[in-house]
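Have a look at the structure below before the remarks.
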Amino acid sequence: DAGLDRELDEPRPGAQRFEKMVSGHYLGEILRRALQDLARQTAGFQWAAAPALASPFALDGAHVSRIARDGTRALDDVDALLRALGVSSTAEERRGGRALGGAIARRAARLVAAALVGTLRFLDARLEDRRTIAVDGGLWGGYPGFERLVRETIVELLGGERAGRIEIAYV
């Protein structure tokens, strides 16, 4: 997060830090950077150094969503995506990359849920009233199970009864 924030010119460093952690626009870049770190620190993911993946923003939120949607045993669609980027990978590497992308998406969902709960508590400290939150964005509509991940965190933070008073509407 700090590196991404520091290295972007627009939005400038220090600005929109929350967006940089949760927006689909940045999740692919977070995944790419994490894969590069793993390639430097371990024997795995050496394909992260491939020229296509060495470029900032070579992966985007749509790629992270596509990786998450691949339900085939050998992650054939992930393989096709990587090959289109000029990268050869093993099934084990693809599974690891998918798990890492999933962890990044879960983190984003948890951060979004915490922000929503914080905002709702500001409006209604005891959350006694029903509330509807309108959401938008490619991550919410494109990443498989993102809403479920957000809802699970809201339940974790508020308990089932109060969380049940919150409706989320994707617009």
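The values are calculated or read from the model by the stated rules, or taken from the named source; none is laboratory data. All values reported here derive from a predicted model rather than from experimental measurement. Neighbour counts are summed over all protein chains in view; Cβ atoms, including those assigned to glycine, are modelled from backbone coordinates with ideal geometry. Areas reflect the complete protein model, heavy atoms only, side chains present, ligands, DNA and RNA absent. Shrake-Rupley method; radii C 1.70, N 1.55, O 1.52, S 1.80 Å.
Of note:
- Cross-chain or 6+ apart pairs with Cβ under 6 Å, the stretch 107-125 first and of a type in the set (Val, Ile, Thr), then open to solvent by 50 Å² or more (accessible area, probe 1.4 Å): Val117/Leu157
Conditions (1) surrounded by 15 or more Cβ atoms within 10 Å (Cβ to Cβ); (2) without any contact (Cβ under 8 Å) to a residue 12 or more places away in the chain, marked per residue:
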residue: Leu31; (1), (2): yes, no
residue: Ala39; (1), (2): yes, yes
residue: Trp47; (1), (2): yes, no
residue: Ala54; (1), (2): no, no
residue: Val64; (1), (2): yes, no
residue: Ile67; (1), (2): yes, no
residue: Ala74; (1), (2): no, no
residue: Thr90; (1), (2): no, yes
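- Of all the residues in the stretch 8-42, those that are over 20 Å from Val78 (Cβ atoms) and either modelled with pLDDT under 85 or in a loop (DSSP other than H, G, I, E, B) (or both) number 11.
- Residues satisfying the stated conditions in the stretch 137-162, i.e. touching a helix residue (DSSP H, G or I) at 6+ places or on another chain (Cβ under 6 Å) and part of a helix (DSSP H, G or I): Gly138, Leu139, Trp140, Gly142, Phe146, Leu149, Val150, Thr153, Ile154, Val155, Leu157
- Pairs linking a residue in the stretch 1-25 that is open to solvent by 70 Å² or more (accessible area, probe 1.4 Å) to a residue that is aromatic (Phe, Trp, Tyr), with Cβ atoms under 8 Å and 6 or more positions apart or on different chains, are Glu19/Tyr26.
- Residue that is nearest to the chain's Cα centre (by Cα), among those in the stretch 65-76 that are under 19 Å from Gly141 (Cβ atoms) and in a helix (DSSP H, G or I): Ser65
- When Val135, Val78, Val117 are checked against the criterion of being hydrophobic (A, V, I, L, M, F, W, C), within 28 Å of Pro56 (Cα to Cα) and crowded, with 19+ Cβ neighbours inside 10 Å, Val78 stands alone in meeting it.
- Scanning the stretch 121-136 for residues that are in contact with a strand residue (DSSP E or B) (Cβ under 8 Å, 6 or more places away or on another chain), more than 21 Å from Arg66 (Cβ to Cβ) and either hydroxyl-bearing (Ser, Thr, Tyr) or not in a strand (DSSP E or B) (or both) yields Leu123, Asp124, Leu127, Arg130, Thr132.
- Residue match in the stretch 151-158 (condition: at pLDDT 95 or above, open to solvent by less than 50 Å² (accessible area, probe 1.4 Å) and not hydroxyl-bearing (Ser, Thr, Tyr)): yes
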